[in-house]
Every structure is written in C-alpha cells, then in structure tokens.
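Read-outs throughout are calculated quantities, based only on the coordinates presented, and are distinct from any laboratory measurement. Just so it is clear, the model here is predicted, and its values are computed rather than measured. Don't worry about glycine lacking a Cβ; one is built from the backbone with ideal geometry, like all the others, and counts go over all protein chains shown.
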Amino acid sequence: MPLMKSWVTSANSATHPFPLNNLPYGVFSVDGDEPRCGVAIGDMILDMQAAEEAGLVQLTDMPLFDVPYWNDLMEQGPAVWTALRERLTSLLAEGAAEQDKVEPLLVSASTAELHMPFAVSEYTDFYAGKNHAFNVGTMFRGPENALPPNWLHIPIGYNGRASSVVVSGTDVRRPWGQLKGPNDDAPRWAPCARFDIELELGAIVGTSSEGPITVQQADDHIFGYVLLNDWSARDIQAWEYQPLGPFQAKATATSISPWIVTKSALHPFRCNTPEREVELLDHLKDCGPMLYDIDLEVTMAPEGKEPTTIARTNYKEMYYSAAQQLAHHSTSGCPMNAGDLLGSGTISGPTKESRGSLLELSWGGKEPLTLDTGEERSFIADGDTLTLKGAAKGKGYTIGFGDCTGTVLPALNDPFQR
Ligand code: MN
C-alpha cells in the first residue's frame, strides 16, 4: 500500500512518522487543560473528545473518549477498533466531505504536552531476544551455559510493576540499592553505578481473557505497540537475581513512547520469527507472521550535548512474538486484561553495533563506548539523555513511533541518613 493522502498536508511525506497510514493513539493536553485522547496526523493532533462530542465519531451507545486514556476503546474489541480506524481514515483523507467540521478540532502537536496513552493494568517483561540472552548469559555464566535450558522452549519473563511505567520525557532518578561487595557476605548500600537501558517493544493487551488462549487468539487480543525502555540497575540486578530473577533492579522506572501504534498500522510489516532451533510445543508454535520489520535505534546525549547513535537494530530479531508471549502468559489460567503491558525483552541483533543495552555494548564495562563528543561511557552518567526511536519503512511512507526518551538525574542523598 502506498502513502495515503490526507488533507492535513504535513502528513503527506515519505518520512513523516504520522501519515494517514499510521493514525497512532495518544493522550495530550494544551495549556495545562485536562488531558484527553488524541490521534496524531502529520504535525497535528485530532481531539477525540471534541470529535465524539461533535458527533463525528460514534462507535457505541456510550461515550468512549470522555476519559484521558484509551482503555475504554480497547475494551470494545477488534470490531470497534476497525470501525474507528475506518472512520478516522475517512474523516482525514484527502477530499473528505467533513473536512470543514474536523479542521477546527485539530491541535498543533508543537503546543501539546503528551501523557500516558493508557492506564497500565499490569506489566510483564520478557527475555525473548536470543542475541541479548546469549550475550548476557555469556557474561554472567560463560558461553556454554549462556542460554538457560528452558530458553528455546518458552518465552521466559518476570512480573514487573505497572506503577513503574512512565511516559517518554519523564526524568528518571538514579536509584540506591544493595550491591555485591568484595565478598558475597558483605554487600554495600550505595547508588547504582551501572545504570542501563533496555531497548524493547511493548505490546498492549486490548481485550481481557480468562484461561489459556492460543497464539492466534493472543494476536487477536493485542491492540498495539509502543517503544519501551526497561531502565535496569545492573549492579543491583547481579546481586539480587538468583534464583527469582530481577526485582529492585527493574523497579525504578520503565519508559514508554507516547503514541500507541496499532496492530493494523503495522500489518504491512509483519514477518516471521527466525527458524526454530528446537521444535516448540504445539500450543506455542507460530501460526503466521507475528513479528514486525521495525527499525530501531538508541541515542545517548550527555547533558547539554548532541546525541550519538549507540545502537541500531530491528524488532524482527526477536525469537518469540508478543502473541507467543501472551499465549504462554495465559497457560496457567492467568487472567489478562485490557491495558496489560508486555515488554518484548531487549532487542539485540547479531553484531556489536546492534546490541540493545549498554551492558552488551560495553561488554560489562570492559569495552567503553566513545561518543561523538569524545566522552567515554560504559553505563549511564548523571545528566545523560537516552532516546529510543522506531520506524517501519514502507514504499513512500513511514510508520513512526514517537521517541521514547528520558534523562537520568543524580541519586539523592542516602534516603536512610537523617
Ligand atoms: Mn527487560
């Protein structure tokens, strides 16, 4: 499908992240007013609350956009998701009969503040990138034991904290934690010295389920995707992770990009998971292309300086799709709900430049990076701004994700010293 033309002319560009083909969903406010749902089109945002009140968008008997989150729409299910997308496309397409009614409901994106696009019900983070799992396992346990014995059979993960999820642009405070000392029996209490990012994609569950669901059903439950940065305190993690996995190392913050890119917008970019090294059990087998060809990159900018691109990779590097992760998540009977957020796991490619964490890029601090500013980094320094970017590139158009960015603030004084 080529670039779809809109009467919002800024959207008609091969490189703009938000053409009519995309229509991502966010929550915005202007001049400190109440946040409300909006749809990005070119350099503008369509005010969904106003569009609904004006009778331009009526999908159900009940209003869906009188709340500052997209959960109410998500809960309506795939038929309503499709109806909304079709309605928005017809309202914003070149030659639309309603242009004069819609035009006054557009807000310039440059004047808008962006908020969390949905209320996060629960948050689970997976570990489904094979290059990442192999690299980290090699550093921690050696190449022979790099992949745990379960890794090729299930997408392993841990239950994170919904309360830690913040929207792009939110500052992140360097945490304190218990760190391994010179001997295992003498840990220290100190600010994290190995603060890191994880480049991930977040899948958003749109409709609830009870009991086990198939991979195909799981894909039908997924509403859309965001970029996700799983901020990680490596020194806290190294001490605490055995045997129950990450805990406080991952609880400081998880940043997401402000626009939900729908599964429909990404449909042309579907691709298969890589060849299986061992056959999966039937209930986790692929049943169609459920990964996406999305170019990803990470930039790092010291305070007041220009950013340097430190990694470039692609979401198709993952070993398991979000649908497989969601299906596995449900196998125990675990109820899943609208607004559940599933982190993909760090997306690393096979080459050094395509690694999605500083832990891997600097190989545990042994091979520091040199930024374009000349500064060296193994992990994040105070004042650094880390930004994730993502875009699927079609013929003549781009499906962009808004940037997922965050600046790391220095640790506070010891919170337990008075
Ligand atoms: Mn992670």
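Subtracting the Cα-Cα distance from 0.36 nm times the residue separation, let me have the gained length for L147 to K366 in nm, one decimal.
Gain on stretching L147 to K366: 76.7 nm.
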Item checked: Two-site FRET efficiency, C334 against K5, from Cβ-Cβ distance with R₀ of 35 Å, rounded to 0.05 -> 0.20
Notebook entry, point to check: Applying 1/(1 + (r/R0)^6) with R0 = 25 Å to the Cβ-Cβ distance of L412 and F247, what FRET efficiency is obtained, to the nearest 0.05?
Noted result: 0.75
Margin query: Using amide H atoms built in the peptide plane, which far-off residues or other-chain residues are under 5 Å from T170 H to H?
Written below: none
Next item on the list: Estimate the FRET efficiency between A96 and K395 by the formula 1/(1 + (r/R0)^6), using the beta-carbon distance for r and 22 Å for R0, to the nearest 0.05.
Entry: 0.40
Next item on the list: Give the long-range amide H neighbours of I294: residues separated by 5 or more places, or on another chain, with amide H under 5 Å away, using H modelled in the peptide plane at 1.01 Å from N.
Entry: Y315, K316
Notebook entry, point to check: By average Cβ neighbour count within 10 Å, what is the ranking of 170-176, 272-278, 124-130 from highest down?
Noted result: 124-130, 170-176, 272-278
Next item on the list: Find how many whole Å separate the alpha carbon centroid of the stretch 216-256 from the alpha carbon centroid of the stretch 287-357.
Entry: 11 Å
Notebook entry, point to check: In what sequence do L199, L291, L152 fall when counting other Cβ within 10 Å, fewest first?
Noted result: L152, L291, L199
Notebook entry, point to check: Setting aside same-chain residues fewer than 8 positions from K389, which lysines have a Cα under 22 Å from its Cα?
Noted result: K130, K250, K263, K305, K316, K352
Item checked: Angle between the chain longest axis and helix 130-141 axis [Cα atoms, degrees, rounded to 10] -> 20 degrees
Next item on the list: Indicate, rounded to the nearest 5 percent, the antiparallel portion of the DSSP beta bridges found entirely in the chain.
Entry: 90 percent
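So for each of 158-168, 100-110, 344-354 I average, over its residues, the number of other beta carbons within 10 Å; can you give me the resulting order with the highest mean first?
The peptides rank, most packed first, as 344-354, 158-168, 100-110.
Helix-only mean residue ellipticity at 222 nm, the chain, DSSP H runs n ≥ 4 weighted -39,500 (n - 2.57), per residue, nearest 500. What is it?
-4500 deg cm²/dmol
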Next item on the list: Sort E375, E34 so that the residue with the fewest other Cβ atoms within 10 Å of its own Cβ comes first and the one with the most comes last.
Entry: E34, E375
Notebook entry, point to check: For Y123, which sequence-distant residues (separation of 5 or more, or a different chain) have an amide H within less than 5 Å of its own amide H, given hydrogens modelled in the peptide plane?
Noted result: G160, A162, L341
Notebook entry, point to check: Could you give the nm distance between label points at E34 and F140, where each point is 7 Å from its Cα heading toward the beta carbon?
Noted result: 4.6 nm
Next item on the list: Just name one of A392, L358, L412: the one whose Cα is farthest towards the positive end of the charge dipole of the chain (beta-carbon charges, Lys/Arg +1, Asp/Glu -1).
Entry: L358
Item checked: Per-peptide average of other Cβ atoms within 10 Å, ordering 224-236, 82-94 highest first -> 224-236, 82-94
Notebook entry, point to check: Which ³J(HN,Hα) values in Hz, rounded to whole numbers, follow from the phi angles of the stretch 93-106 under the Karplus curve 6.51 cos²θ - 1.76 cosθ + 1.60, where θ = phi - 60° and Gly and Pro get x?
Noted result: 6, 3, x, 4, 5, 8, 3, 5, 7, 7, 3, x, 9, 8
Notebook entry, point to check: Can you run phi through the Karplus equation (6.51, -1.76, 1.60; θ = phi - 60°) for the stretch 110-115 and list ³J(HN,Hα) in whole Hz, with x for Gly and Pro?
Noted result: 5, 9, 9, 9, 9, 10
Check: Of A97, A133, A40, which is the most mobile in a GNM of the chain whose springs link Cα atoms less than 10 angstrom apart?
Finding: A97
Next item on the list: Before anything else, pin down the relative contact order of the stretch 312-418: Cα pairs under 8 Å, at least 6 apart, normalised by residue count, whole percent.
Entry: 17 percent
Next item on the list: Taking the Cα centre of the stretch 123-409 as origin, sum charge times position over the Cβ atoms of Lys and Arg (+1) and Asp and Glu (-1), and report the length of that vector in debye to the nearest 20.
Entry: 100 debye
